[in-house]
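Report on one structure; see the data block that follows.
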Amino acid sequence: MRAALALARRGLGNAWPNPAVGCVLVREDLQGMVVGRGWTRPGGRPHAEAEALRRAGDKARGAAAYVSLEPCDHHGQTPPCSQALIDAGIVRAVIAIEDPDPRVSGKGIARLRAAGVKVVEGVLEDEARQANLGFILKITKQRPLFALKLATDGVGRIPAPGDAEKGITGSLARQRGHLLRACHDGVLFGVGTVLDDDPEYTCRLPGMSEHSPVRVLLDPQLRLPVNAKLLQTLDKAPLWVIVGTKPAINRDIYPDSKNLEFIVAGEVDENDRPTPRWVAGELARRGLTRILIEAGPKVTAAFLRDDLVDRIFWFKTKQPLKDAGVAAFDALTAARQFVKTAVHDLGDDILEIYQRTG
């Protein structure tokens, strides 16, 4: 099952709107020979089970299937994976967690058992739940998982606006940051960051440009510059611009690209800013399951205040800022809701990972 979970993680960031699933087919009558492996491919298809069965061919007959999520049981764009496993002659299925999707939710397991397949449930359940927490939240809470990325000095400060000292972390931390983008469906930020830094928000690691996430820009007054790098890199990743209800959208001044979309917020605050909870619901409705918040203090604080942050990846430089700097966000009043789960030494920096407890 650990191998199946490792395969599932390969699909994180590009399997949406489907869950990222891993499947390993083992012939236990042949000394545990692995005859097929699969994980959810980009765009959600083919499914992990179908890919593993394709690779196994006739050797799948008599095998045990280790699957990180219950096989689907409904007819969508592809036949049910539960039936595909039965037709291939699988004799045992080891399943980490039940699929929360009401179209499945135990039905795949029931079909397997009805066909005489021995089913074992709950193996590495907690690990599987964490791996697919974004998909689970999309189904049960109608919102994606939000992971907050922070980069500060050791006491939580960032360079002040206009400060020339922008990038405060070292190369290893920056590489890890790009990996975080690659394993999330979308990256969310505000227009203030665009005006200050003119970022691309793509994954720029060698050979991984196709893993760039959907860029989600919160721009209530539509101040996106027409020469922004975000617009110059539409061939690398889509850009969704969420605006308030008041600004007129002059589409003619922006590039004509299917990867550029303007979205008028369905719910705003008193300053015509899209509310975090509406944004969360809209992103889930569009199929996104995992969002990396890589934003400035205002957007960061807003999502923390609305209790939408599930994980924190906090990069802390070991060297203090040369200038005084400013607090990274208003106040991490929600810090008591998080527990530190890991610490990684990245040379000049430290990465602390936090998980929400409630």
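Beta bridges from DSSP with both residues in the chain: antiparallel share about 45 percent, rounded to the nearest 5.
Mind checking the dipole of the stretch 1-132: about its Cα centre, +1 per Lys or Arg Cβ, -1 per Asp or Glu Cβ, Debye to the nearest 20?
380
Under the rule a/c < 1.5 gives rounded, and otherwise a/b versus b/c splits prolate from oblate, where does the stretch 98-183 land using the Cα gyration tensor? Note, shape of the stretch 98-183 comes out prolate. Relative to one another, the C-alpha centroids of the stretch 251-301 and the stretch 119-155 are positioned 21 Å apart. Identify, among LEU148, PRO213, PRO42, the residue whose Cα sits farthest towards the positive end of the charge dipole of the chain, taking +1 on the Cβ of Lys and Arg and -1 on the Cβ of Asp and Glu, with the dipole about the Cα centre. So the residue furthest toward the plus end is PRO42.
In the chain, helical runs assigned H by DSSP with n ≥ 4 each contribute -39500 (n - 2.57); averaged across all residues and rounded to the nearest 500, the mean residue ellipticity at 222 nm is -6500 deg cm²/dmol. Ordering LEU288, VAL299, VAL268 by the projection of their Cα atoms onto the charge dipole of the chain, which places +1 on the Cβ of Lys and Arg and -1 on the Cβ of Asp and Glu, puts LEU288 at the extreme positive end.
Each Lys and Arg Cβ is given +1 and each Asp and Glu Cβ -1; about its Cα centre, the chain then shows a dipole of about 800 debye.
If you bin all the Cα-Cα distances of the chain at 10 Å, starting from zero, the percentages per bin are 5, 23, 29, 23, 13, 6, 1.
Overall size of the stretch 1-132 from C-alpha positions, given as principal axis extents largest first: 35, 28, 27 Å. From the residues ALA8, ALA173, LEU321, which one has its Cα farthest along the dipole of the chain in the positive direction, the dipole being from +1 and -1 charges on Cβ of Lys/Arg and Asp/Glu about the Cα centre? Farthest towards the positive pole: ALA8. Under 14 Å from a label point 7 Å along Cα→Cβ of GLU125: give me every residue in the stretch 94-111 with its amide N that close. Correct set: 95-100, 106. Across the stretch 350-358, rounded Karplus estimates of 3J(HN,Hα) from the backbone phi angles (6.51 cos²θ - 1.76 cosθ + 1.60, θ = phi - 60°) give 10, 10, 10, 10, 10, 10, 5, 9, x Hz, Gly and Pro being marked x. Once you order the gyration tensor axes a ≥ b ≥ c over the Cα atoms, which shape class does the stretch 47-96 get: rounded for a/c under 1.5, otherwise prolate or oblate by comparing a/b with b/c? Note, shape of the stretch 47-96 comes out oblate. Using only side-chain charges placed at the Cβ, +1 for Lys and Arg and -1 for Asp and Glu, the dipole size of the stretch 74-178 relative to its Cα centre rounds to 200 debye. Length available on full extension from ASP87 to THR245: 0.36 nm per residue minus the Cα-Cα distance, which gives 51.6 nm. Across the chain, Cα pairs under 8 Å and at least six residues apart give a relative contact order of 16 percent.
Computed from the coordinates by the stated procedures, all read-outs in this text should not be read as laboratory data. Quick caveat, the model's predicted, so the values are computed rather than measured. Quick reminder, even Gly has a Cβ in these numbers, built from the backbone with ideal geometry, and neighbours come from all protein chains shown.
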